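The values are calculated or read from the model by the stated rules, or taken from the named source; none is laboratory data. Please read all numbers here as calculations on a predicted model, not as lab measurements. Counting neighbours? That spans all protein chains shown, and the Cβs are built from the backbone with ideal geometry, glycine included.
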Amino acid sequence: MVHGTRAFTTIGLDDPLATAPDRAGAKAANLARAASHDLPVLPGFVIPVQCLRRHERYADTHDLRAAWARLSRDGERALVVRSSSTLEDGAVSSMAGRFTSVLDVAGWADFRRAVDEVAASATGPGTMAVLVQPQLDAASGGVMFGADPVDGRTDRVIVSAAPGGPQALVGGEVDGTRYDLTRRGRLVGAERDDGPLTPLQLRRLARLAARTAQVFGGPQDVEFAFGHDGRLWLLQSRPVTALAPLPPRGAVLLGPGPVAETLPDPLSPLEEDLWLVPLDRGLGEALGTAGAVSRRALRRAPTVRAVGGRAAADLRRLGADPARRRRLEPLNPLPPLRRLRAAWRVGRLRAELPALAAGTAARVDADLAAVPSLHELTDGELAAALHWTRATLTALHGQEALAGTLVEDGGPAGTAAAHGLAALARGRAHGHDDARIIASEPGVLTLAPPAIAPAPSLPPTPPDTSANGRTPGARVPAPEELPPREALRLRIRWVQELGARVAWTAGVRLADAGGLARPELVRALRLDELVSALYGGALPADLERRPAPPRTAPLPAAFRLAGERIVAEAAPPGDGTPAGGGRGAGLVHAGTDEPPPGAVLVVRTLAPSLASRLPALAGLVAETGSPLSHLAILAREMGVPTVVGLHGAVDRFPSGTRLLVDGDAGRVETLGARAGEESVA
C-alpha cells in the first residue's frame, strides 16, 4: 500500500467483531470472548490488524480520538496500550514477552506515540493489532495456571502473586509468592505465610480458572489483578502451553533400582539385546516359578525394559516400590489355590537351590573354560556363542533372583565384589596392568559394568587400600566359597564379558571385511542383524546414520511414562532403607571424581565401579538399591554406614553438606552450618 494518511476504525471489546483473532489479534480476541461470557474484563477497544502497518503514520481521525477520549475521560485516566498480535497467545506458543506494551499512557500525544511503538514491535506486516484499556491501580496481581505446567496435573491451580499489578512479576523484576490450589481453591501449598492473597481471594481465583477453562476449552494461563476495592479483573487469558503430558491410568511404576547395579550405564541396541533381554526373561521365569506374578501378566508386559537407553524395572512387580518397600515377600498377594501351589514349589526350590546353583556354576565354568581363543572361531561359531550367552544369562538371572529371595546365605557374608576388590588390590600392588589382572583374576570383572569395547575398564584403587582390599585382617572368601547368590552373580558377569568380547571380535572382522566403517559400529546393530551379517547377510543401509546411545541423565528412582516422557514420582516421606554398617558422619561428595577420605558418598545408583571407593568412606547414601545388592553387602562388610532407597537424596544433599548416616536405622541427618538447621530424612 502507499504510505500516507487513512482513517482508523476502532472496535470495542464488547463488539462481537473483536472476538476474531485475525482482526483483533489473539490477546484482544480472547478478552473479548471472555467479556462476552461475563468474565471480569476491563473495558477497552482495539485498533484492528487491517488498520495498522509497520511504521505507518496516521492522521488524527475522529473515530480513534473519540474512542481515546471516552476511555481516558479526555486524558484524565491513564491507559495501557498493549500488543495483540495474531501470532501470540496460541495453543502451541504464547510468544510471551515478544511484543511491546506501554503502561501509564497519559494524553493524546503520548497515546499516539504508544500506538506507534506497539505497532513497530510487529514481526511482519498485517500481524499486529493494538489493545487499549484503562491503567488499573492494582492492590495485588499475578499469574495463574489452570494446570501444573511442570507435572501436567490438571487437578491443580498454580498461582504466583505479588503486591501491585502483574507487570513486575511477569517481567521477572520481583519474586512472587506461589500458591498451589485444588480446583476448588483449597490451599495445598504456599511458599510463605505472608503472601499478598487471602484465602477468599484464592478461592475466587480458582473459580476464575474453572470459568476460563470452560470458556476456552482447556486450562488457561491467566494474568489477573485485584483492585483496591477488592474487585478481581482478568487481564489476559491464553492456553497453557508446553503442558507436560500425564501418564495414562494404570501406567507401570518403573525405576532403575533393582537392575542399576547389573546394568548402570546407557546401553547400545546390541547391548540391550545381549544383556537386557535375558535379564527380563530370567526375572520373569523366577517370578513365575515363585508364583509372585501370573504367567499371563508376564507375557503382557516386560519386567525390565530400556528407557532412554537405560535399564529400568517394574518396581511393584519386583517388590521395590518406594511406597511399599517393606513388602519383600514374593508370594503376596495370591489366590489361595495358586498360593498353595506356589508354596509347594518354593519349598522344594528353597531346599534344592544351593545344589542347583552350585551345579549351574560348575557347568558355566566348564563351558567358559572350553571356549577357545575367539580368533580361532569361525563367523558362524561367533554367532552361536552370542546365542549361548543369551540362553545362559537367562538361566543364571532366574536362579540368582530366586537365590536372593529364598536362600539364606548361612555363615559369614561374602560377595563377589569383595573378592574382586581384593584381587584388584593385589594385582595393582604387584604392578600388573589391567589385562593381566583380568586374565589371572577374572573376579575383578564384578567391579566394572559390561560394555562392548576393546577391553573392560577397571576402577582405580584407593591409595590406602590394603592388599586384601578391605579392613586389615578381614578375610575375603575365595570364589568357590561364595554363597549361592554371589556365585551366580559372578558367573553372570563372566558370561556378559564373553558376549561383549565376541561382539567386539565380530565388529573387528566386519570392519576388516569392509562391511563396517569402524568396529564400534557393531554396537548399533540388533542381535539378529549381527547374526545375519556373520552368516553373510547384508548390513543395514542406515547403520552409520543410527544415533549413538544417548548420554542421558540417570533415571529417577521411581517414574512412569507418558509417551516417551519420563514423569518422576514425588518423593515419599520417611527414611531410607537401612543397609547396615553402623553410624558415620562426614561431608557429602556427589561428584564422579575420587572422594576424599572420610566423605559421605551420595549417589543415584549403586554401580559396581563404586566398590573401590568404599574403604575410605564415612558413609554411603543411594537413591535406589537394595540391602542385598553387591555394593550394600560389601559396604556393610567394610563397616561403611549405608542407607539405600532414599528418594531424591542427590538433590537434597549437595556436595559440602555435613551428614550423619545411620545405616542400621536407615536415617540420614544434616548437621552443621551448611545445613542451616538440623533436618532428618
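Examine segment 259-272 for a residue that is in a loop (DSSP other than H, G, I, E, B), of a type in the set (A, V, I, L, M) and within 16 Å of Gly308 (Cα to Cα), and state whether such a residue exists. It would help to see each step written out before you state the result.
Filtering segment 259-272 for residues in a loop (DSSP other than H, G, I, E, B) gives 261-268.
From what is left, the residues that are of a type in the set (A, V, I, L, M) are 263, 267.
Remaining after also requiring within 16 Å of Gly308 (Cα to Cα): 263, 267.
Within segment 259-272, one or more residues are in a loop (DSSP other than H, G, I, E, B), of a type in the set (A, V, I, L, M) and within 16 Å of Gly308 (Cα to Cα).
Residue by residue through segment 15-25, note down the ones that are in contact (Cβ under 8 Å) with a residue 60 or more places away in the chain, buried (at least 23 other Cβ atoms within 10 Å of the Cβ) and either more than 41 Å from the chain's Cα centre (by Cα) or closer than 15 Å to Gln220 by Cα (or both).
Matches in segment 15-25: Ala24 only.
Please enumerate the residues belonging to segment 213-229 that are within 21 Å of Ala138 (Cα to Cα) and touching a residue at least 24 places away in the same chain (Cβ under 8 Å).
Restricting attention to segment 213-229, the residues satisfying the condition of being within 21 Å of Ala138 (Cα to Cα) are 221-229.
Of everything in segment 213-229, those that are within 21 Å of Ala138 (Cα to Cα) and touching a residue at least 24 places away in the same chain (Cβ under 8 Å) turn out to be Asp221, Val222, Glu223, Phe224, Ala225, Phe226, Gly227, His228.
Can you tell me which residues in segment 149-170 are touching a Leu at 6+ places or on another chain (Cβ under 9 Å) and either in contact (Cβ under 8 Å) with a residue 60 or more places away in the chain or surrounded by fewer than 17 Cβ atoms within 10 Å (Cβ to Cβ) (or both)?
Filtering segment 149-170 for residues touching a Leu at 6+ places or on another chain (Cβ under 9 Å) gives 149, 151-154, 156-162, 165-167.
Pro149, Asp151, Gly152, Arg153, Thr154, Gly165, Pro166, Gln167 - these are the residues of segment 149-170 that are touching a Leu at 6+ places or on another chain (Cβ under 9 Å) and either in contact (Cβ under 8 Å) with a residue 60 or more places away in the chain or surrounded by fewer than 17 Cβ atoms within 10 Å (Cβ to Cβ) (or both).
What pairs come out if I take residues in segment 636-651 that are in contact (Cβ under 8 Å) with a residue 24 or more places away in the chain and pair them with residues that are in a helix (DSSP H, G or I) and of a type in the set (D, E, K, R) whose C-beta lies under 8 Å away, six or more apart or interchain?
Pairs found: Thr642/Arg636.
Scan segment 574-600 residue by residue and report those that are touching a Ser or Thr at 6+ places or on another chain (Cβ under 8 Å), crowded, with 20+ Cβ neighbours inside 10 Å and part of a loop (DSSP other than H, G, I, E, B).
If the condition is that a residue be touching a Ser or Thr at 6+ places or on another chain (Cβ under 8 Å), crowded, with 20+ Cβ neighbours inside 10 Å and part of a loop (DSSP other than H, G, I, E, B), then Ala579, Gly581, Ala590 are the ones that fit.
Exactly one condition in (1) at negative phi; (2) crowded, with 24+ Cβ neighbours inside 10 Å; (3) of a type outside the set (A, V, I, L, M) is false for Gly645; which is it?
(1)
Search segment 99-113 for residues being of a type in the set (Val, Ile, Thr) and at pLDDT 90 or above, and hand back the single one that is farthest from Gly165 (Cα to Cα).
Kept after step one, since they are of a type in the set (Val, Ile, Thr), are these residues of segment 99-113: 100, 102, 105.
Checking which are at pLDDT 90 or above leaves us with 102, 105.
Numbers: Val102: 14, Val105: 16 Å.
Ranking the qualifying residues of segment 99-113, first place goes to Val105.
Give the residues of segment 171-230 that are among the β-branched types (Val, Ile, Thr) and either loosely packed, with under 11 Cβ neighbours inside 10 Å or out of contact with any helix residue (DSSP H, G or I) (no Cβ under 9 Å at 6 or more places or on another chain) (or both), sorted by residue number.
To start, the set of residues in segment 171-230 that are among the β-branched types (Val, Ile, Thr) comprises 174, 177, 182, 188, 198, 212, 215, 222.
Passing the criteria: Thr177, Val188, Thr198.
Mind listing just one residue for me: the one in segment 486-535 that is in contact (Cβ under 8 Å) with a residue 24 or more places away in the chain and in a loop (DSSP other than H, G, I, E, B) and, of those, surrounded by the most Cβ atoms within 10 Å (Cβ to Cβ)?
Leu525
Being surrounded by fewer than 20 Cβ atoms within 10 Å (Cβ to Cβ), more than 40 Å from the chain's Cα centre (by Cα), closer than 28 Å to Arg207 by Cβ and in contact (Cβ under 8 Å) with a residue 60 or more places away in the chain: is that true of Pro134 here?
Numbers: surrounded by fewer than 20 Cβ atoms within 10 Å (Cβ to Cβ): yes; more than 40 Å from the chain's Cα centre (by Cα): yes; closer than 28 Å to Arg207 by Cβ: yes; in contact (Cβ under 8 Å) with a residue 60 or more places away in the chain: yes.
Judged against the criteria, Pro134 is a match.
If you scan segment 365-385, which residues turn out to be within 17 Å of Arg491 (Cβ to Cβ) and in contact with a helix residue (DSSP H, G or I) (Cβ under 9 Å, 6 or more places away or on another chain)? Even if it seems obvious, please write down each step before you answer.
Taking segment 365-385 and keeping what is within 17 Å of Arg491 (Cβ to Cβ), we get 365-371, 385.
Within segment 365-385, Asp365, Asp367, Leu368, Val371, Ala385 qualify.
With Leu555, Leu606, Leu539 as the choices, which residue is surrounded by fewer than 22 Cβ atoms within 10 Å (Cβ to Cβ) and part of a loop (DSSP other than H, G, I, E, B)?
On the way: Leu555 fails: surrounded by fewer than 22 Cβ atoms within 10 Å (Cβ to Cβ); Leu606 fails: surrounded by fewer than 22 Cβ atoms within 10 Å (Cβ to Cβ).
Just one listed residue meets the conditions, Leu539.
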